[in-house]
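**Q** Sharing a structure with you now.
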Amino acid sequence: MNSVNIAAFVLRIAVGGTMIAHGWNHAFGGGKLPGTARWFDSIGIRPGRVHALLATVTELGAGALLVVGLLTPLAAAGVVGTMVVAFVANHRTNGFFIFRPGEGYEYVLMITLVACAIGALGAGNWSADHAIGFNLAGWGGLAVAALAGGGGAALLLATSWRPHQLPVSNRQMSESDS
């Protein structure tokens with residue numbers, strides 16, 4: 001049983017810390033929130049400003065919750081949601097490997113799957129969940145992480161993702177070339 005606690009702790013710290021760093025970079029790195037908003041707009045997630053703020057808050061919040069092990073399946077769902085949106089909106093067409101042009105999807109896929117595993121594994125005994133008697137793990141924890149995260153991502157993509165399309169003249173040329 002101690003090995004499960006060690007694994008849960010290591011995974012929570014790794015993914016939670018990564019999400020905090022990712023959210024922190026959105027907020028304070030490079031172009032800060034305005035730059036993140038412009039980038040979201042550029043990949044078709046609109047309005048970019050709103051979604052930059054929501055993604056940043058989700059990454060920081062879910063990361064912090066994972067680090068302390070509080071509401072762990074819900075925190076994992078936040079990670080799944082942000083990574084599924086990143087996969088669909090930016091990475092899926094670039095191949096598997098992250099070093100490919102446009103950055104492939106290996107990174108976001110791995111974080112998504114590890115977040116699902118954390119939901120299934122639970123927070124472990126070295127967590128705030130354990131301290132307050134909250135224990136949702138197994139299939140229930142996986143379902144929360146995968147379905148709430150995936151459902152949130154699907155809702156966001158359906159309502160706010162409008163990928164850029166070729167102008168009509170370019171589309172007609174592309175269709176006639178094939």
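No lab work stands behind these numbers, since they all come straight from the coordinates. These numbers were taken from a predicted model, which means no experiment stands behind them. All Cβ positions, even for glycine, are placed from backbone atoms using ideal geometry, and neighbour counts span all protein chains on display.
**Q** List every DSSP H helix in the chain whose Cα atoms extend 24 Å or more along the helix's own long axis and whose mean Kyte-Doolittle hydropathy is at least 1.0.
**A** Sorted by number, the helices that extend far enough and score high enough are 48-68.
**Q** Quickly estimate the mean residue ellipticity at 222 nm for the chain, helices only: each DSSP H run with n ≥ 4 gives -39500 (n - 2.57), and the total goes over all residues, rounded to 500.
**A** -22000 deg cm²/dmol
**Q** Return the long-range amide H neighbours of Ile45 (sequence gap of 5 or more, or a different chain), with a cut-off of under 5 Å between placed amide H atoms.
**A** Arg162
**Q** Let me ask something else about it. Just Ala145, Ala77, Ala64 to compare: in a GNM of the chain, with alpha carbon springs under 10 Å, which one fluctuates most?
**A** Top of the fluctuation ranking is Ala64.
**Q** Along the three principal axes, how long is region 1-55 when you take its alpha carbons, biggest first, rounded to the nearest angstrom?
**A** If we take the Cα atoms of region 1-55, the spans are 47, 19, 14 Å.
**Q** Related question: Go through Ser3, Gly30, Ile111 and say which Cα lies farthest out towards the positive end of the charge dipole of region 2-164; charges sit on Cβ, +1 for Lys and Arg, -1 for Asp and Glu.
**A** Going by the Cα projections, it comes out as Gly30.
**Q** Would you mind checking which residues have amide H under 5 Å from Leu71's amide H? H placed 1.01 Å from N; only 5 or more apart, or other chain.
**A** Asp129
**Q** I would also like to ask the following. As an exercise, find the ratio Rg/Rh for region 2-164 from alpha-carbon atoms, using the Kirkwood inverse-distance average for Rh.
**A** Ratio value, two decimals: 0.99.
**Q** Quick one: length gained pulling Ala7 to Arg49 fully straight, 0.36 nm per residue minus the C-alpha distance?
**A** Additional length available on full extension: 11.4 nm.
**Q** Follow-up question, since we're still on this one. Taking neighbour Cβ counts within 10 Å as the exposure measure, how do Ser3, Ser127, Ser160 sort from fewest upward?
**A** Ser3, Ser160, Ser127
**Q** For the chain, what is the relative contact order in percent, using Cα pairs closer than 8 Å and at least 6 residues apart in sequence?
**A** Taking the mean separation of contacting Cα pairs over the length of the chain, I get 25 percent.
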